[in-house]
Amino acid sequence: MNHESEKLRIEALSPQNLEKVFAFEGTYRDYFASVLPARPEGYFAWDSFLSIQEGILEDQAAGRCALYLLLRKDGEMIGRVNLSQIEGGNAEIGYRIAPQAQGYGCASRGVDLVCREAFGPLGLHRLEAGVAPENIASQRVLIKNRFQPIGRARQVFQVGGIWQDSLLFDRVDGLD
């Protein structure tokens with residue numbers, strides 16, 4: 001990891017940082033839509049966004065998810081790393097990094113910080129991640145963070161209306 005990525009920190013999603021998340025998502029809307037499944041209808045309108053986030057914050061308070069902002073030392077948001085579908089000691093991990101922050105170890109550092117939370121304070125046992133087969137950089141992020149490839153799921157998500165396969169990875173606490 002480079003020196004810059006070591007200065008990153010995570011901050012849990014909260015009512016106090018929703019404006020920062022809204023700005024981040026709006027700024028990189030087209031980029032993320034080109035590589036990830038589309039956000040729900042209305043996501044980019046403030047009132048709808050707030051309504052969606054209220055539900056997410058309720059799920060987070062109930063322990064069903066744990067969402068994090070990835071921030072530079074100066075507070076600039078450069079990504080998100082999320083734990084979703086938390087149940088029975090398992091969760092799915094996903095992340096999105098601003099395009100200008102890619103290639104500098106930021107995604108690897110963000111995943112590392114959230115894994116520390118997952119296997120530490122959250123007490124999780126296993127994390128699973130899915131990544132498009134052509135997304136070699138994201139696969140490297142997972143492998144650097146001690147995730148192991150476990151298979152391939154066929155046509156599980158859409159990007160731009162086209163069904164995509166997903167390579168599956170997992171990491172089990174204590175098996176590193």
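The values are calculated or read from the model by the stated rules, or taken from the named source; none is laboratory data. Remember, it's a predicted structure, so these values are computed and weren't measured experimentally. Quick reminder, even Gly has a Cβ in these numbers, built from the backbone with ideal geometry, and neighbours come from all protein chains shown. Only protein heavy atoms, including side chains, enter the accessible area calculation; ligands, DNA and RNA are left aside. Shrake-Rupley method; radii C 1.70, N 1.55, O 1.52, S 1.80 Å.
Given Cα pairs under 8 Å that are at least 6 residues apart, what percent is the relative contact order of the range 20-104?
21
Largest first and to the nearest Å, give the Cα extent of the range 1-129 along each principal axis.
Principal-axis extents of the range 1-129 (Cα, largest first): 35, 35, 27 Å.
Over all Cα pairs of the range 106-161, how is the pair count split among 5 Å bins, expressed in % and running from 0 up to the last occupied bin?
Final binned percentages: 4, 16, 25, 23, 17, 11, 4, 1.
In the calculated pair distance distribution of the range 20-76, what percentage of Cα-Cα distances lie above 15 Å?
Cα-Cα pairs in the range 20-76 separated by more than 15 Å: 59 percent.
Counting only protein heavy atoms and using a 1.4 Å probe, what share of the accessible area of the range 75-176 belongs to carbon plus sulfur, as a whole percent?
48
Ignoring everything except DSSP H segments at least 4 long, calculate the 222 nm mean residue ellipticity for the chain; use -39,500 (n - 2.57) per segment, divide by total residues, nearest 500.
-9500 deg cm²/dmol
If I take every Cα pair under 8 Å that is 6 or more residues apart in the chain, average their sequence separation and divide by the length, what percent do I get for the relative contact order?
21
Based on the mean of other Cβ atoms within 10 Å per residue, sort peptides 135-144, 22-31, 107-116 so the most packed one is first.
Put in order of decreasing packing, that is 107-116, 135-144, 22-31.
If you take all C-alpha pairs in the range 62-176, what percent of them are over 16 Å apart?
The calculated P(r) of the range 62-176 puts 60 percent of pairs beyond 16 Å.
Just the number please: accessible area per residue for the chain, 1.4 Å probe, all protein chains included, in Å².
54
Could you go through the range 147-163 in sequence order and give the Karplus-derived ³J(HN,Hα) for each residue, using 6.51 cos²θ - 1.76 cosθ + 1.60 with θ = phi - 60°, rounded to whole Hz, and x for Gly and Pro?
7, 10, x, 10, x, 9, 9, 8, 6, 9, 8, 10, 10, x, x, 10, 5
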